[in-house]
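Okay, structure first, notes after.
We did not get these values from a lab; they are worked out from the coordinates using the rules stated. In this text, all values refer to a predicted model and were calculated from it rather than measured experimentally. So basically every Cβ, Gly included, is an ideal-geometry build from the backbone, and we count neighbours across all protein chains shown.
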Amino acid sequence: MLFDKMVTHFKQRQIGVLVLVVFGIAFAIFAVLINCEAPLLYPIIMCVLLLLCALLFWALNVEVTDEKIFVSFRFGLIPKNLPLTEIRSAHPV
């Protein structure tokens, strides 16, 4: 039992295209504000925060093994393990 390997039945990375588009539009707006506004600090901070969020949340990873379902954002941020024994029912969508 100690050396049994879990078999991966499903593994997918879903790219959040809509998230990237929204972050891109917001980044462009704040980049224009950097050139127009007198106080530069706020648009620069917003651009940095938007880039950081886009890097962290641009993809969702899902992996299903014999024992669990593992879901996380791109770099393992906010990981969630769901044992298959805790799933009571499921239906296709």
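Brief remarks follow.
- Segment V19-N61, extension gain: residue separation times 0.36 nm, minus the distance between their alpha carbons: 13.6 nm
- Calculated over the chain, the projected area of the Cα convex hull averaged across directions stands at 8.7 nm².
- Normalised convex hull volume, the stretch 17-57, alpha-carbon set, Å³ per residue: 42 Å³
- Under 15 Å, Cβ to Cβ, from L60 - net charge with Lys/Arg +1 and Asp/Glu -1: +3
- Degrees between helix 17-36 axis and first principal axis of the chain (Cα, 0 to 90, nearest 10): 20 degrees
- The residues packed around S72, meaning those with a beta-carbon under 13 Å from its beta-carbon, carry a net charge of +4 if Lys and Arg are +1 and Asp and Glu are -1.
- Cα long-axis angle, helix 41-57 against the chain (0 to 90 degrees, to the nearest 10): 20 degrees
- Coil-residue trypsin sites (Lys or Arg not before Pro) of the stretch 28-93, DSSP, other Cβ within 10 Å capped at 12: R88
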